[in-house]
Amino acid sequence: MVVGSKLACREMMLSRSKNVGIVGAGIGGLTAAIALRQFGHDVTVFEQAKKPSEIGAGIIVGPNAVKVLRALDLGSELDRIAVEPGKHRLRNWKTGRIMFDQPMGESFRERFGAGYLQVHRADLIEILVRKLPADRVCLSSRAASVRQDSSAAALVLENGKELEFDMLVGADGIKSAVRSSLFGLESPRFTGNVCWRGTVPSEDVPQGVFSSDIHVWVGPGGHVVNYYIRGGKLMNFIAIHQADDWSAESWSFDADREELARRYADWHPALAAMFERATACSKWALFDRDPMSRWSEGRVTLLGDAAHPMLPYLAQGAAMAMEDGIVLAKLITREVDIVPALQRYEKIRLPRTTRTQLGARARAKQNHMTSPVARLMRDIGLGLRRTFRPS
Ligand code: FAD
């Protein structure tokens, strides 16, 4: 009897270890893979590119994402690659006047239980990839579609190979093939925003205006964000502007520096000087999608931008993807059966990611107001809030 119940217990343990296929080795897919492996699952990631990579730009890792990375035992690696700003400064686009000053660092850590960090995307991808055995990330492997029945899910690669898993996760970004396979082909929405992303070596950053803080310059029809990454060696900037359309076939290309200079000609001169000194600069169209009402089907689910792509104005897209990964891993481990676990995952995550998607759209409106009266009211409101900041 005792032996029997021990066996039953072992079987239960074994039945909890699942064979999982993940499509996409971006921040979301890699985080999910690490989390699932930590809980004892057998995971393989399929990435279309020749190597996992990210664009040469910065990314903010909010406290919620820092907590995920710490839970995955990546805290010290993260601290090694991150820069923590002293303050979050909201500035007038033309005069540079500081409208709102949010202390970060210690006060932020006390408030949220983790810091607000800035990293180079390539550095983040590198620490995630290093946490996985090389043979668990299959490169040059582009997913075409998925199929499933009641006992398994199959990933069909573009080269015709078909691989079976207990469950599949589409972490393949905003143009997700897994999402199209589950819910049909539907194009993402051009949000009416384009952005330039660039980096400037710290020795070339114009003196006198910029500091170790994160600066957000809000102006009519656009905003600019700049902060240090890579231990302070590089200044990262994102310059966002409203545009009527995006006629280029690609979503990104090397930027026309003159166009960037023209767009921001009336803005604070320190910004023009920063743009001029960028060693790398690309132009991007910003797309998103409406929130979904569900994103799982049987043994297949989505996470990150595949499920809930959003405008970057809350700096939460990657953070949401990381949260998805760890929640998914926990639920898959807790439940013996995959289908109810995926339904629960979606039920828990959907309200939060929907709020964030819609919140990011609302922030665009607040940051890009063109009416002088509306801008004045917003700036007065921000000035008043400033007196209530936590010290
Ligand atoms: P992706 O990063 O798109 O990764 C998808 C992966 O899947 C890629 O490696 C791709 O090659 C692969 N793939 C695609 N199709 C296939 C296929 N068919 N088969 C196999 N592989 C495939 N978020 C933050 O949290 N903080 C920020 O500060 C922040 N700033 C941002 C600034 C800008 C300008 C932008 C545009 C976004 C920003 N974001 C930020 C959002 C963040 O970049 C994304 O939400 C995040 O990278 C999404 O990660 P993902 O892994 O879901 O998707």
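Coordinate-derived values only; no laboratory data. Quick caveat, the model's predicted, so the values are computed rather than measured. Here the Cβ is made from the backbone with ideal geometry for all residues, glycine too, and neighbour counts use every protein chain on show.
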Residues D266, D123, D379, sorted so that the one with the fewest Cβ neighbours within 10 Å comes first: D266, D379, D123
In Å, descending, principal axis extents of the Cα set of the range 243-343: 59, 27, 20
Antiparallel content of DSSP bridges confined to the chain, in %, to 5: 75 percent
Rounded tilt (10° steps) of 372-386 against the dominant C-alpha axis of the chain: 70 degrees
Two-decimal ratio, the range 87-191, of alpha-carbon radius of gyration to 2.2 N^0.38 Å: 1.67
The range 53-92 pair-distance distribution - Cα-Cα, 10 Å bins, rounded %: 23, 47, 25, 5
Cα gyration tensor category, rounded, prolate or oblate, for the range 281-391 with a/c compared to 1.5: prolate
Neighbour-count ranking [beta-carbon atoms within 10 angstrom, fewest first] of E54, E110, E346: E110, E54, E346
Full-stretch length increase - R142, Q38 - with 0.36 nm per residue and alpha-carbon distance subtracted: 34.9 nm
Charge tally in the Cβ shell below 11 Å around E335, where Lys, Arg are +1 and Asp, Glu are -1, E335 excluded: +4
Debye intensity ratio I(q)/I(0), log10, the chain, q values 0.07 Å⁻¹ (C-alpha model): -0.34
Degrees between helix 338-367 axis and first principal axis of the chain (Cα, 0 to 90, nearest 10): 10 degrees
The range 133-260: C-alpha pair distances exceeding 17 Å, %: 72 percent
Alpha-carbon centroids, the range 32-73 and the range 259-329: separation in whole Å: 17 Å
The range 155-208 and the range 354-373: distance between their alpha carbon centers, rounded to Å: 23 Å
Residue pairs, from the table K87/K347; K51/K233; K175/K365; K94/K283, whose Cα atoms sit over 28 Å apart: K87/K347
Theoretical gain in end-to-end length, F190 to D245 [0.36 nm per residue, Cα-Cα removed]: 19.0 nm
Linear extension gain, A374 paired with E258, 0.36 nm per residue minus alpha-carbon span: 38.7 nm
The range 196-298: radius of gyration over Cα atoms, expressed as a fraction of 2.2 N^0.38 Å: 1.25
Kirkwood hydrodynamic radius (C-alpha pairs) into Stokes-Einstein, the range 81-133, 10 °C and 1.306 mPa s, D in µm²/s: 120 µm²/s
Mean ellipticity per residue at 222 nm, deg cm²/dmol - from DSSP H runs of n ≥ 4 across the chain, formula -39500 (n - 2.57): -11500 deg cm²/dmol
